[in-house]
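Structure first, commentary second.
The values are calculated or read from the model by the stated rules, or taken from the named source; none is laboratory data. What you see is a predicted model; the values in this text were computed from it and never measured. Positions of Cβ are generated from backbone atoms using ideal geometry, with glycine treated the same way; all protein chains shown enter the neighbour counts. These area figures cover heavy atoms from the full protein model, side chains too; ligands, DNA and RNA do not enter into them. Shrake-Rupley method; radii C 1.70, N 1.55, O 1.52, S 1.80 Å.
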Amino acid sequence: MTIRVVIVEDSPTMRAILMNRLGKEPDIEVVAAAANAAEGRQMIRELDPDVVTLDIEMPGMNGLDFLAKIMELRPTPVIIVSGSTQEGNEMTARALALGAVDCYAKSGGGHGLDDAGRLAGMIREAAKVQFTARAPQTRRVASEARGLLADRPALIAIGSSTGGVEALQTVLSGFPADCPPTLIVQHINARFAPAVARTLDQSCPPRIVVAEPDMPLKDGHVYLAPGDDRHLSLGGSSTLHCKLRAGAPVSGHLPSVDVLFESVAKTVGSRAVGILLTGMGADGAQGLLSMAQSGARTIAQDEATCTVFGMPRAAIHLGAARIVAPLGAIARHAFSKAA
């Protein structure tokens, strides 16, 4: 099956680079290339592509506004093509929260025609995405969770991948401001991790930061893995803290959700909650099983609200998820054993 792609990019040079990179792939066809949002909208309407690559720093209608229109009117897998500026990083993080599937850095692979197949790989994964119902608003859930804190866990661990930034925004919007310490591994380019943390911090009640080595864990704080070549895990016993260590990929990822969940199972056990959200592959499934076997409450996002049902499906297949819930109900389940 050929994957049909529309490129929306205002730079003629970058359009040519992207088209050349994708032109090498026998299973990918660039069916159109647009110079702005207006052209892109027409091409998407007429050609109904499988995947769109979208530059977000464009004149006229910017990529964020265009992405919001796409997700509202014709949900399509979108890969953000971002520049290397700080503003570009912030906009990319906001785009991921709006529902973009992944982000591709223009600086990756230099300015030549070879990026080791990275963009093509992203497009193949994006083409597997099936959009379903949009996640509901969760302000009411945050109020409910605040009232359930008597049943609060000692720590919450969350894993997510494709579609995860949007899912995290929904889940964390349902957390109270004084939630238990929460650790997150989200598969994302390290360059965008600080901007993702800031974007989530602006829209969610808890304080959300990028994890640092030996950072002590505090109530009301959420710690996002930096996304670089280090695994995030839980350290300590009486005084819990973030551990960041270099290592080989686990379950195909660095950082790995499995590494985080395994450390939580060993350190906190039954006093923790594990949550596995949308994502490709199986990272986190085995770790969530370890958490369940240690007595922790374990939750997997249901198929109907996942962008990609890979990681939750693998956990459910192993019997690792004691609760399977739609995205909008996960925060409530995290704070109530009876939920």
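Scanning the stretch 1-44 for residues that are in a helix (DSSP H, G or I), open to solvent by less than 40 Å² (accessible area, probe 1.4 Å) and touching a helix residue (DSSP H, G or I) at 6+ places or on another chain (Cβ under 9 Å) returns Leu18, Arg21, Leu22, Ala37, Gly40, Ile44.
Taking the criterion of being assigned to a loop (DSSP other than H, G, I, E, B), surrounded by 18 or more Cβ atoms within 10 Å (Cβ to Cβ) and of a type in the set (A, V, I, L, M, F, W, C), the residues of the stretch 234-254 that qualify are Leu240, Leu254. Gly295 meets each of the listed conditions (1) farther than 16 Å from Val257 by Cα; (2) part of a loop (DSSP other than H, G, I, E, B); (3) open to solvent by less than 20 Å² (accessible area, probe 1.4 Å) apart from (3). Against the list (1) of a type in the set (Asp, Glu); (2) without any contact (Cβ under 8 Å) to a residue 40 or more places away in the chain; (3) closer than 21 Å to Gly328 by Cα, the condition Asp229 fails is (3).
Scanning the stretch 45-60 for residues that are of a type outside the set (Asp, Glu), assigned to a loop (DSSP other than H, G, I, E, B) and either at pLDDT 95 or above or surrounded by 16 or more Cβ atoms within 10 Å (Cβ to Cβ) (or both) gives Pro49, Ile56, Met58.
Quick check on my filter: what residues within the stretch 308-319 are closer than 16 Å to Val273 by Cα and within 21 Å of the chain's Cα centre (by Cα)? Working first, answer last.
Going through the stretch 308-319, the residues closer than 16 Å to Val273 by Cα turn out to be 312, 315-316, 319.
Matches in the stretch 308-319: Pro312, Ala315, Ile316.
If a residue counts only when it is modelled with pLDDT of 90 or more and out of contact with any Lys or Arg (no Cβ under 6 Å at 6 or more places or on another chain), which helices (runs of 4 or more DSSP H) contained entirely in the stretch 88-193 have at least 2 such residues? So that I can check it myself, show each step before the final result.
On the way: elements: 118-126, 139-146, 164-173.
Passing ranges, in order: 118-126, 164-173.
Answer yes if at least one residue in the stretch 268-279 is farther than 24 Å from Ala127 by Cβ, among the hydroxyl-bearing types (Ser, Thr, Tyr) and surrounded by fewer than 21 Cβ atoms within 10 Å (Cβ to Cβ), and no otherwise.
Residues of the stretch 268-279 farther than 24 Å from Ala127 by Cβ: 268-275.
Cutting the leftovers down to among the hydroxyl-bearing types (Ser, Thr, Tyr) gives us 270.
When the remaining residues are screened for being surrounded by fewer than 21 Cβ atoms within 10 Å (Cβ to Cβ), the result is 270.
Yes, the stretch 268-279 has at least one match.
As a summary of the residue check, Asp219 satisfies the conditions (1) in a loop (DSSP other than H, G, I, E, B); (2) out of contact with any Phe, Trp or Tyr (no Cβ under 7 Å at 6 or more places or on another chain); (3) closer than 30 Å to Val81 by Cα; (4) open to solvent by 10 Å² or more (accessible area, probe 1.4 Å) except for the one numbered (3).
Between Ala285, Ala304, which is surrounded by 24 or more Cβ atoms within 10 Å (Cβ to Cβ) and either under 15 Å from Glu166 (Cα atoms) or not basic (Lys, Arg) (or both)? Write out each step before concluding.
On the way: Ala304 fails: surrounded by 24 or more Cβ atoms within 10 Å (Cβ to Cβ).
Of the residues listed, the single one that is surrounded by 24 or more Cβ atoms within 10 Å (Cβ to Cβ) and either under 15 Å from Glu166 (Cα atoms) or not basic (Lys, Arg) (or both) is Ala285.
Pairing residues of the stretch 272-294 that are over 15 Å from Leu168 (Cα atoms) and at pLDDT 95 or above with residues that are among the aromatic types (Phe, Trp, Tyr) and open to solvent by less than 30 Å² (accessible area, probe 1.4 Å), at Cβ distances under 7 Å and at least 6 apart in sequence or on separate chains, gives Gly284/Phe261; Gly287/Phe261; Leu288/Phe261; Ser290/Phe261; Met291/Phe261. Looking only at the stretch 182-226, residues that are among the aromatic types (Phe, Trp, Tyr) and within 20 Å of Arg271 (Cα to Cα) come to 1 in all. Looking at Gly88 and the list (1) in contact (Cβ under 8 Å) with a residue 24 or more places away in the chain; (2) of a type in the set (Gly, Ala, Ser); (3) within 25 Å of Met1 (Cβ to Cβ), which single condition is not satisfied? Among (1) in contact (Cβ under 8 Å) with a residue 24 or more places away in the chain; (2) of a type in the set (Gly, Ala, Ser); (3) within 25 Å of Met1 (Cβ to Cβ), Gly88 violates only (3). Scanning the stretch 164-180 for residues that are touching a strand residue (DSSP E or B) at 6+ places or on another chain (Cβ under 9 Å) and open to solvent by less than 10 Å² (accessible area, probe 1.4 Å) yields a total of 9.
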